[in-house]
Amino acid sequence: MRPAPGEVLHFSEDPAITRFEPHVAATARHPGAYVWAVDHDLAPAYWFPRDCPRAMAWADPDTTPEDRLWLGAQRVHAVEYGWLARMRTTALYAYRFDAAAFRPFGDSAVVATGPVLPLGPPERVGDLFDLHEQAGIELRVRTDLWSFWDEATGRTLRFSGIRLRNARPPGDR
């Protein structure tokens, strides 16, 4: 589930949104009110239940051969065992938007500062495990995310962590 050219996506567990209004997220680090969406490359980071903590790492041209070997795949997403049932049962929906209504926000997303309407009804995303497999992304299940996170962030890999505040505390295994 990725956006077509000229589109961006917003993922939600709510299939009944008809108009997206800018708001300040409860976890916002930036004070502005936005409607958030992602492009083609960032979409896989949101193939999870909303509150699911995930640690992601991938190789890029600057990644050393040693770090590629450690990662063992081009891209890896890691989740905790405690989230497996929700990964299997969460109904996730994708809303498509015209990308022209959005502007880049850092290197992690795109935002709109005014209300936006989806291009059509939300699309059921489907099996989250299948999405990862079809995209060639290795999905790893771990007892904790922190050892993977600590190791990945200390290497020449690109990485991202989402909802890590919901992960089990380090050493709580």
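Conditions tested, residue by residue: (1) surrounded by 13 or more Cβ atoms within 10 Å (Cβ to Cβ); (2) closer than 22 Å to residue 1 by Cα; (3) modelled with pLDDT under 95.
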residue: 116; (1), (2), (3): yes, yes, no
residue: 121; (1), (2), (3): no, yes, no
residue: 138; (1), (2), (3): yes, yes, no
residue: 168; (1), (2), (3): yes, no, yes
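Could you tell me whether residue 31 is in contact (Cβ under 8 Å) with a residue 24 or more places away in the chain, of a type outside the set (Ser, Thr, Tyr), over 29 Å from residue 154 (Cα atoms) and exposed (fewer than 15 other Cβ atoms within 10 Å of the Cβ)? Against the criterion (in contact (Cβ under 8 Å) with a residue 24 or more places away in the chain, of a type outside the set (Ser, Thr, Tyr), over 29 Å from residue 154 (Cα atoms) and exposed (fewer than 15 other Cβ atoms within 10 Å of the Cβ)), residue 31 does not qualify. Filtering 140, 165, 103, 88 for residues that are in contact with a Pro (Cβ under 9 Å, 6 or more places away or on another chain) and of a type outside the set (Gly, Ala, Ser) leaves a single hit, 165. For region 128-157, the set of residues classified as touching a residue at least 24 places away in the same chain (Cβ under 8 Å) and in a loop (DSSP other than H, G, I, E, B) consists of 136, 137, 143, 144, 145, 155, 156, 157, listed by residue number.
A quick yes/no check of all residues on (1) closer than 25 Å to residue 121 by Cβ; (2) touching a Gly at 6+ places or on another chain (Cβ under 9 Å); (3) surrounded by fewer than 15 Cβ atoms within 10 Å (Cβ to Cβ):
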| site | (1), (2), (3) |
| --- | --- |
| 8 | yes, no, no |
| 18 | yes, no, yes |
| 26 | no, no, yes |
| 48 | yes, no, no |
| 72 | no, no, yes |
| 79 | no, no, no |
| 86 | yes, no, no |
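Annotation note: Cβ proximity below 7 Å between a residue of region 60-78 that is at pLDDT 95 or above and a residue that is crowded, with 18+ Cβ neighbours inside 10 Å and part of a helix (DSSP H, G or I) (sequence gap 6+ or interchain) occurs for 77/132; 78/148.
Can residue 79 be described as out of contact with any Cys (no Cβ under 7 Å at 6 or more places or on another chain) and within 22 Å of residue 9 (Cβ to Cβ)? The answer is no for residue 79.
When the test is whether a residue is within 15 Å of the chain's Cα centre (by Cα), charged (D, E, K, R) and surrounded by fewer than 16 Cβ atoms within 10 Å (Cβ to Cβ), residue 62 does not pass it. Could we say that residue 100 is over 21 Å from residue 159 (Cα atoms), touching a Lys or Arg at 6+ places or on another chain (Cβ under 9 Å), exposed (fewer than 13 other Cβ atoms within 10 Å of the Cβ) and not basic (Lys, Arg) here? No. Listed by position, the strands (runs of 3 or more DSSP E) inside region 46-124 whose residues that are at negative phi and polar (S, T, N, Q) number at least 2 form an empty set.
The values are calculated or read from the model by the stated rules, or taken from the named source; none is laboratory data. What you are looking at is a predicted structure, and each value in this text was computed from that prediction instead of being measured. Positions of Cβ are generated from backbone atoms using ideal geometry, with glycine treated the same way; all protein chains shown enter the neighbour counts.
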